[in-house]
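So the structure is just underneath, and the comments pick up after that.
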Amino acid sequence: MAWCSRRTSATVSGSRTAFLARLALPDARGRWIEDAAILVEDGRVLEVGRREDVDLSGFDRVDLGRVAVLPGFVNGHTHAAMSLLRGFGDGLPLHAWLERVWSVEAEMDQESIYLGSLVGVAEQLASGITSFVDFYNVEPMLRVLREVPARAVLTLAFMDRVEYMEEESWRRARSVGDYLSMVREESGGRVELALGPHAPYSCSEEMLRTIAELSRRHGLRVHTHLSETREDVERVLGERGRTPVAYLDGLGLVGGRLIAAHGVHLTAEEMRTLGSRGASVIHCPRSNSRLGVGVAKVDEMIRAGVNVGLGTDGQASSDSLDMFEEMRLMVYLQRARAGDPSVISARAALEAATIGSARAAGLDDVGTLSPGRRADFVVLDLSSIELRPAWDLTTNVVMAAGRADVRSVYLAGNRVVEGGRPLIRGLEEAADALEAFRARFAASGGAR
């Protein structure tokens with residue numbers, strides 16, 4: 001069965017459209033614009049300003065009503081296909097949880113991964129995520145992105161120290177050029193490829209050196225899990241005699257192309273190294289909390305010059321792909337850890353969920369609604385009780401709003417979520433297929 005986007009009401013007429021809104025926030029670092037007009041041509045932002053200050057002649061007008069418009073969220077680290085494993089392995093520590101996850105993943109076929117990816121992309125769109133960095137199988141997600149025009153970075157995963165992936169990891173390393181051509185040609189440049197050594201402990205040194213060389217040769221980002229648990233750190237220290245960051249740095253992997261997920265147990269010295277090299281860390285507060293691995297020192301990373309983005313991780317460890325929940329928990333946990341309510345602001349969380357993740361991913365055409373960038377935006381219903389009264393609307397968006405407040409979502413000026421529901425045909429059938437996968441696996445004696 002095939003799934004495809006529903007085009008009938010999702011596409012605005014004409015290539016020049018003025019979207020009118022009660023409020024708009026073009027940039028998380030800026031101010032809200034009242035009675036705003038967002039001028040879009042061929043899927044790109046031309047101008048955002050007060051409607052009385054911009055020239056609307058020649059533009060089709062779409063009055064969005066009493067709403068607030070903000071840039072689409074950028075999910076800096078996710079495993080969207082893990083919709084297949086939502087609710088799996090609750091209460092297990094990370095490495096016991098991973099062993100059980102890998103036992104299921106070894107049995108997954110490409111069709112199941114495609115369906116899981118489709119549901120995961122729909123889930124992201126429903127919560128306002130319009131771009132994402134995915135760490136899973138490239139081919140099934142690329143198939144989804146032929147149907148859903150989101151901006152994405154797809155990570156080609158390697159873990160040659162995990163038995164079921166050893167041979168496949170080296171096959172992928174030999175085929176990076178083919179993957180790169182496939183991604184670029186099939187997406188028209190909308191989707192990028194990254195190299196994904198799973199973690200310093202799950203890849204051999206030879207594999208990591210190979211990835212460093214491939215990254216240099218092709219100009220590709222490197223996306224990895226870094227210092228997620230104390231056990232991760234101790235294993236690398238024991239095997240390599242250096243901290244994880246020092247080990248990766250010695251192999252040429254720490255630089256402006258590094259996307260490091262988690263970073264929960266980084267030392268101050270490691271943070272300074274990451275900051276001085278221009279690397280990024282993607283904070284995943286819900287996943288870290290669910291797995292009990294600790295709370296990352298995000299405020300210290302920022303002071304050390306590290307670019308910090310925000311990610312949902314996968315549904316098997318965070319339960320849902322909801323950036324509102326991630327922003328809110330980021331603020332709560334950082335304030336609780338530091339004992340200081342001023343250590344992280346709501347605005348800083350919104351910046352991490354947009355600009356920070358976009359910078360980490362190397363996606364310079366998303367994250368803000370600046371001229372020339374993609375017209376990817378979220379429309380929030382200002383009649384929602386969570387957004388009133390608006391003493392500080394940014395605080396309300398981060399600390400009180402949620403998926404239920406999303407009225408619509410646009411990708412390149414085209415509506416892809418309407419009334420809170422993704423406009424993807426066959427989504428319910430795809431979700432049913434995920435349940436069928438679980439039932440088949442359980443019936444075969446697999447983990448539950």
Could you put 385, 211 in order, starting from the residue whose Cβ has the fewest other Cβ atoms within 10 Å?
385, 211
Say each of residue 421 and residue 300 gets a label point 7 Å from the Cα, pointing the same way as Cα to Cβ; how far apart are those two points in nm?
4.8 nm
Of all DSSP beta bridges located in the chain, what percent are antiparallel, nearest 5?
45 percent
Charge tally for neighbours of residue 320 with beta carbon under 9 Å away, counting Lys, Arg as +1 and Asp, Glu as -1, is -1
Calculated from backbone phi, Karplus (6.51, -1.76, 1.60) coupling profile of segment 334-344 in Hz, x at Gly/Pro
5, 5, 5, 5, 7, x, 8, x, 9, 5, 9
Residue exposure sequence - 164, 410 - by fewest surrounding Cβ within 10 Å
164, 410
Around residue 120 (Cβ within 14 Å, Cβ-to-Cβ, excluding residue 120; K/R +1, D/E -1) the net charge comes to -4
Please report the net charge: other residues with Cβ closer than 14 Å to the Cβ of residue 175, K and R +1, D and E -1.
0
Toy charge model, Lys and Arg Cβ at +1, Asp and Glu Cβ at -1: segment 73-361 dipole around Cα centroid in debye, rounded to 20, equals 1040 debye
Additional length obtainable on full extension of the chain from residue 234 to residue 42, 0.36 nm per residue less Cα span:
64.0 nm
Counting sequence-distant residues (5 or more places) and residues on other chains, those with an amide H built under 5 Å from that of residue 373 are 45
What is the order of 321, 56, 20, fewest Cβ neighbours within 10 Å to most?
56, 20, 321
For the chain: relative contact order, % (alpha-carbon pairs under 8 angstrom, 6 or more apart)
22 percent
Pulled fully out, how much extra length does the chain show between residue 184 and residue 31, if you take 0.36 nm times their separation in residues and subtract their Cα-Cα distance?
51.5 nm
Only helices counted: for the chain, with every DSSP H run of 4 or more residues adding -39500 (n - 2.57) and the sum spread over all residues, [θ] at 222 nm is -11000 deg cm²/dmol
Here, residue 216 and residue 289, labelled 7 Å along Cα→Cβ, have an inter-label distance in nm of 4.2 nm
What is segment 338-388 by shape, rounded, prolate or oblate, if you read a ≥ b ≥ c off the alpha carbon gyration tensor as root eigenvalues and call it rounded for a/c under 1.5, prolate for a/b larger than b/c, and oblate otherwise?
oblate
Taking the Cα centre of each part, how many Å lie between segment 138-212 and segment 235-292?
20 Å
Search the structure for amide H atoms under 5 Å from the amide H of residue 127, placed 1.01 Å from N in the peptide plane, and list their residues when 5 or more places away or on another chain.
none
May I ask you to derive the FRET efficiency for residue 385 and residue 22 from their Cβ-Cβ distance with R0 = 22 Å, giving the value to the nearest 0.05?
0.85
Among 20, 131, 224, whose Cα sits farthest toward the positive end of the charge dipole of the chain (+1 at Cβ of Lys/Arg, -1 at Cβ of Asp/Glu, about the Cα centre)?
20
Once amide H atoms are built 1.01 Å from N in the peptide plane, which residues 5 or more positions from residue 282, or in another chain, come under 5 Å H to H?
260, 261, 262, 309
Spacing of the two label points (7 Å from each Cα toward its C-beta) at residue 96 and residue 335, in nm:
3.4 nm
Reported label for calculated Kirkwood radius over Cα pairs in Å given [x] 22.8; [y] 23.5; [z] 22.1
[z]
Using Cα-Cα distances under 8 Å and only pairs 6 or more residues apart, what relative contact order does segment 110-231 have, in percent?
22 percent
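Rule-based calculations on the coordinates, nothing more; no lab input. Because the structure is a prediction, the values reported are computed rather than measured. Backbone-built Cβ (ideal geometry, glycine too); neighbour counts: all protein chains shown.
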